[in-house]
Amino acid sequence: MCLGYPAQVVAVDDAGATVDDGTRRRRASTLVMPDVAAGEWVLVATGAIVARLDADEAAEIRAMLVEAGAMRPRGAPDASC
């Protein structure tokens, strides 16, 4: 099962967007939502931006994912290799 996660758009270019999920920056496709802009909160699923969120929605989703153990808390060290 794949989970979507909230992130803030940091930059947009012709190839997609860079998003920040609070623990790291990632690339995300803008194919579904080509008109996103830096500073917007979005929902990223399977590597693509699929919806816009307001800051409160993003925080609420993030809190639920952290509580469920599906996302690290902000500022937590990256455990990946």
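Expressed as an acute angle from 0 to 90° and rounded to the nearest 10, what is the orientation of the C-alpha long axis of helix 55-67 relative to the principal long axis of the chain?
Tilt relative to the chain: about 40 degrees.
On the protein heavy atoms, probe 1.4 angstrom, tell me the percent of accessible surface of the chain carried by carbon and sulfur.
56
Note down the net charge around R52, summing +1 for each Lys or Arg and -1 for each Asp or Glu among other residues with Cβ under 10 Å from its Cβ.
Working: positive: none; negative: D35, E40, D54, E57.
Value of the local net charge: -4.
Heavy-atom accessible area per residue, the chain, 1.4 Å probe: how many Å²? The partial results should precede the final answer.
Details: 5010 Å² over 81 residues.
The answer is 62 Å² per residue.
The values are calculated or read from the model by the stated rules, or taken from the named source; none is laboratory data. In this text, all values refer to a predicted model and were calculated from it rather than measured experimentally. Methodologically, a virtual Cβ is constructed for each residue, glycine included, from the backbone with ideal geometry; neighbour enumeration extends over all protein chains shown. To get the accessible areas, we keep the full protein, side chains included, count just its heavy atoms, and leave off ligands, DNA and RNA. Shrake-Rupley method; radii C 1.70, N 1.55, O 1.52, S 1.80 Å.
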